[in-house]
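None of the figures in this text is laboratory data; all of them are computed from the coordinates on show. None of these values were measured; they are calculated from a predicted model. Please note: Cβ atoms are built from the backbone with ideal geometry, for glycine as well, and neighbour counts cover all protein chains shown.
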Amino acid sequence: MRISVVPVRFAPLLALLIANQAWAQQAAQPSFGAGILQMLLGLGGVLALLVGSLWLLKRLTAVRGPGAGMMRVVAATAVGGRERVVIVEVGSTWLVLGVAPGRVSALAEIPRQALPEPPQGNSPPAPEWLQRFMSRR
């Protein structure tokens, strides 16, 4: 049995390769804390992008000008999978519209009426945090 011996002149090169391999293995395995921090920063970036785009969308689609307050939806109800009956208030007139994908049909035109009061005793009171939020708006 013969054991090969590395010549002395290659010993520093061999030591450098072994040290380089050990350093590469340590660098390839990030710590647990660094991975969690990277994940949280990425999640924060995505959430900030989502909130910013929703704010921008709301700003761009807001109705502006003198006619902004002339129309409002009074009531709506679904009558099918994608069909709805909607009551829209325009000035002192209510329009009853049938809304389907790609089509809006006028069903009736009635004078404006007083809205019925919702029953007070049937619904449970809203939580305090919701009442505070709604009073701020």
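Of note:
- Once the Cα-Cα distance is subtracted from the 0.36 nm per residue extended length, the residue 55 to residue 31 segment shows a gain of 5.0 nm.
- Gain on full stretching of the segment that runs from residue 18 to residue 132 - 0.36 nm per residue minus C-alpha separation: 34.5 nm
- Protection-proxy order for peptides 89-99, 43-53, each taking the mean of Cβ atoms within 10 Å per residue, highest first: 89-99, 43-53
- With both labels modelled 7 Å from their Cα along Cα-to-Cβ, the residue 113 to residue 73 distance reads 2.0 nm.
- Karplus (6.51, -1.76, 1.60) ³J(HN,Hα), θ = phi - 60°, over region 91-101, in Hz, Gly and Pro reported as x: x, 9, 10, 9, 9, 9, 10, x, 10, 10, x
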